[in-house]
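Here is the structure we will look at, set down as C-alpha cells.
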Amino acid sequence: MKDLILDGAGWTKRDDLYDDFFRAVGAPQWHGRNFNALKDSIVNGSINAIETPYTVVIRNYDRIGPGVKQIASDFVDLIQKIRDSGSPVDVRIECSK
C-alpha cells in the first residue's frame with residue numbers, strides 16, 4: 001500500500017486540509033469540498049489520479065492549527081470508517097519529532 005503524505009504543520013484553515021489531500025490524490029479542480037464527495041471519490045474511484053489502495057499519512061498532526069483540529073479529527077474518522085467498510089485505504093497520524 002503506497003503512502004500519501006500530508007503535512008498538517010501548515011494547516012490553519014479548513015481548505016488547507018482539502019488542498020493537501022487533493023494534491024496528494026491528484027483530484028480534479030471541480031472535486032467537492034465535503035466528506036460525502038471525499039467518500040465517493042475514495043470508495044467509488046474514477047475521479048482522482050491516485051486510486052486506492054493507499055495510506056493517508058498526516059505528518060505534524062500535533063502542529064495543526066486550532067481552527068482545523070476538529071475537521072482533521074473528523075477526516076481521520078472518515079478514513080477509518082471507509083477502511084472498516086472494506087475499502088483498501090488507511091490513515092496514520094504522526095506527530096512532530
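Read the figures in this text as sums done on the coordinates, not as results from a lab. Not measured: the values here are computed from a predicted model. Cβ: placed from backbone, ideal geometry, glycine included. Neighbour counts: every protein chain shown.
Cross-link partners of residue 97 among aspartates and glutamates, defined as those whose alpha carbon lies under 12 angstrom from its own and excluding same-chain residues fewer than eight positions apart: 62.
The alpha carbon centroids of region 45-97 and region 1-26 are separated by 9 Å.
Candidate cross-link partners of residue 2 among the aspartates and glutamates, defined by an alpha-carbon separation under 14 Å and a same-chain spacing of 8 or more, comprise 51, 90. Label-to-label distance, residue 44 versus residue 63, with points set 7 angstrom from Cα along the beta-carbon direction: 3.7 nm.
The ellipsoid that matches the Cα gyration tensor of the chain has semi-axes, each √(5λ) in whole angstrom, of 20, 15, 12, with the longest given first.
Here the spin labels are modelled as points 7 Å beyond Cα on the Cα-Cβ line, and at residue 36 and residue 23 they lie 2.9 nm apart.
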